[in-house]
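All of the numbers you see were taken from the coordinates with simple rules; none came from a lab. Worth saying up front: this structure is predicted, and the values here are computed from it rather than measured. Note that we place each Cβ from the backbone using ideal geometry, even for glycine, and neighbour counts take in every protein chain shown.
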């Protein structure tokens, strides 16, 4: 998990891209999100952008069905009821979890 910050034009995007290549080559998962100044009123917008890409990747292929199930299971078991709040920040997780979550639902 890494955050890259700095002034405009110093190469943050290039650094992230190069870092991502190494992560992927070593078998890891690389997610990238960029803070958009127009989204200042939305907390965690860069994090949501990164996970939107991951959710999209998981939902594109039927070959990734097993991975979707593993991710959903881990989210439910790790977060329990709190998964609802995460879906408010990252709505695409509802696709992974299989339905829209409610704040009064409980997962084993």
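Tell me the relative contact order for the chain as a rounded percent, counting alpha carbon contacts under 8 Å between residues six or more apart. Spell out each step's value before the answer.
Values: 84 pairs, mean separation 20.7, N = 108.
Normalised by residue count, the contact order of the chain is 19 percent.
Cα axis of helix 45-60 to longest principal axis of the chain: angle in degrees, 0 to 90, nearest 10?
Helix 45-60 and the main axis of the chain meet at about 60 degrees.
With a 10 Å cut-off between alpha carbons and a GNM built on the chain, which of 11, 98, 33 moves the most?
Among 11, 98, 33, the largest GNM mean-square fluctuation belongs to 11.
Which value in deg cm²/dmol, rounded to the nearest 500, describes the helix-derived mean residue ellipticity at 222 nm for the chain, given -39,500 (n - 2.57) per DSSP H run of n ≥ 4 and division by the residue count?
Numbers: 5 runs with 57 residues, N = 108.
Result for the chain: -16000 deg cm²/dmol, rounded to the nearest 500.
To the nearest 10 degrees, how steeply does helix 65-79 sit against the main Cα axis of the chain, on a 0 to 90 scale?
Once rounded, one gets 80 degrees.
Rounding to the nearest 10 and keeping the result within 0 to 90°, find how far the Cα-based axis of helix 12-25 lies from the longest principal axis of the chain.
The angle comes out at about 60 degrees.
Students often check this: by mean Cβ neighbours within 10 Å, which of 23-30, 3-10, 64-71 ranks highest, and how do the rest follow? Working shown, then result.
On the way: 23-30: 10.1, 3-10: 8.1, 64-71: 13.1.
The densest-packed peptide leads the list: 64-71, 23-30, 3-10.
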